[in-house]
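Nothing in this text is a laboratory measurement; each read-out follows from the coordinates by a stated rule. Treat the numbers as computed from the prediction; the structure is a model and nothing was measured. Virtual Cβ from ideal backbone geometry, glycine too; neighbours counted across all protein chains shown.
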Amino acid sequence: MIKSSNEDVYKIPYDMMTKSGIWPKKNPSFVYKMKTSLNWFFALSLFVILLLQAIDDIGDFAKLSQSLYIMAAMLGYIIKLGTFTFRRNKFLNMINFLKNPIFTFVSEDFEHYLIKNIKRANLTANSFKYLYMSCVFFYLIYPIADHVSLPFPFPYDLGRYTFLMYAFQMVAESFAAWNNACLDSLCACTMCVAIAQLEILAKKINTVKQNHSSLVAYEISEDVILRRLKHCTKHHLAIIKYIQYIEEIFNIGVFLQLMASVLIICNTLFRFMLVSKVFILNLYFVPCAFQLRIQYFEQIF
């Protein structure tokens, strides 16, 4: 009896994104729409705060670089969220496409490929979640450790309202970190589905002439082999269409993740030259690792 399904691969991103309100729904409730709006409000507000600080630091390039590397990460997140929101209908079509019987009907002989990629996807999603939450914690204690009033610089003196700005920035950063973890892990998890299906297809092709029954020994006829090959062809075409969905939905997001990471690395190196204590953790290599696995199967087929 098959106990695993493709939906299990992206279960963690689904739960996280449903809580924050960015998982696409055809008919969302009013409360769900409010949660979605809050994500945009905090993201754009924090970006405006960073933009004001960058404008104020134009005369001091050392301070400006500090504002710009945070802005680059924030801008990358906003564009990723905007691209995903813009392509939400295509994403829903992709999720519905995974309900195709060619994907859902998996024999017990091939289920271990799906289970393996479910574990891989869960490990990736949990790693993203806890690493991003760790970053939020460091931003929480950063003002105390560095003797500053706010996690992110602000050009104006707020006096007794400084604590409110501190709370606002931390809430906005928490939303950004949570959603960043969701979007990055979702991209990786969708690739895990493709990898699982490609591994199943490869096994089907390798065993197309084998007797799948362990009870009766008989010679496989050419008609049975031809029927199996036709099924493999349909499976292959379905996988190609699914991978095209992934590329259309996440290509801009992955590209921006790479570009933002390059800008942050360059800015960080500049900060190191100024003897600044800056630590940046870039997770762009995870989608690349899964993409290389998919390209490996493309060479086979």
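Going by the alpha-carbon gyration tensor, a ≥ b ≥ c the square roots of its eigenvalues, is region 128-219 rounded (a/c under 1.5) or, if a/c is not under 1.5, prolate (a/b greater than b/c) versus oblate?
Numbers: a/c = 6.47, a/b = 5.34, b/c = 1.21.
The shape class here is prolate.
Using DSSP to define loop residues, name the trypsin sites (Lys or Arg not before Pro) in region 97-127 whose beta-carbon has at most 16 other beta-carbon atoms within 10 Å. It would help to have the intermediate numbers written out before the result.
Details: sites: 99, 116, 119, 120; in loops: 99.
For trypsin sites (Lys or Arg not before Pro) across region 97-127 that sit outside H, G, I, E and B with at most 16 neighbouring Cβ atoms in 10 Å, the list reads 99.
So what are the ³J(HN,Hα) numbers for region 104-111, from phi and the Karplus equation (6.51, -1.76, 1.60; θ = phi - 60°), rounded to whole Hz, Gly and Pro as x?
Result, ordered by residue: 7, 7, 10, 6, 5, 5, 10, 5 Hz.
Given all pairs of different Cα atoms, what value in angstroms does the Kirkwood hydrodynamic radius of region 6-68 take?
Kirkwood radius, region 6-68: 14.3 Å.
Mind ranking 155-166, 21-32, 252-263, 228-239 by how tightly packed they are, going by the mean number of other C-beta atoms within 10 angstrom, highest first? Show your work: numbers first, answer last.
Numbers: 155-166: 11.2, 21-32: 13.2, 252-263: 18.0, 228-239: 15.3.
Highest to lowest by the protection proxy: 252-263, 228-239, 21-32, 155-166.
List, in order, the whole-Hz ³J(HN,Hα) value for each residue of region 44-55 obtained from phi through the Karplus relation with A = 6.51, B = -1.76, C = 1.60 and θ = phi - 60°; use x for Gly and Pro.
Ordered by residue, 3J(HN,Hα) equals 5, 5, 5, 5, 5, 4, 5, 5, 4, 5, 5, 5 Hz.
Hey, what do the phi angles of region 237-251 turn into as Karplus ³J(HN,Hα) couplings, whole Hz, using 6.51/-1.76/1.60 and θ = phi - 60°, x for Gly and Pro?
These are the phi-based 3J(HN,Hα) values: 5, 5, 5, 4, 5, 5, 5, 4, 4, 4, 4, 5, 7, 10, 4 Hz.
Students often check this: by mean Cβ neighbours within 10 Å, which of 135-142, 75-82 ranks highest, and how do the rest follow?
Numbers: 135-142: 13.8, 75-82: 19.4.
Answer by packing, highest mean first, reads 75-82, 135-142.
How far apart, in nanometres, would the label points at residue 61 and residue 160 be if each is projected 7 angstrom from Cα along the Cα-to-Cβ direction?
4.3
First select every other residue whose beta carbon is under 12 angstrom from the beta carbon of residue 94; then total the charges, Lys and Arg +1, Asp and Glu -1.
Values: positive: 87, 88, 90, 99, 241; negative: 247, 248.
Here the charged neighbours net out to +3.
Let me check I've understood the local charge: for residue 34, count other residues with C-beta under 14 angstrom from its C-beta, Lys and Arg +1, Asp and Glu -1. What total comes out? Show your work: numbers first, answer last.
Values: positive: 19, 25, 33, 35; negative: none.
Taking every other residue near residue 34 into account, the sum is +4.
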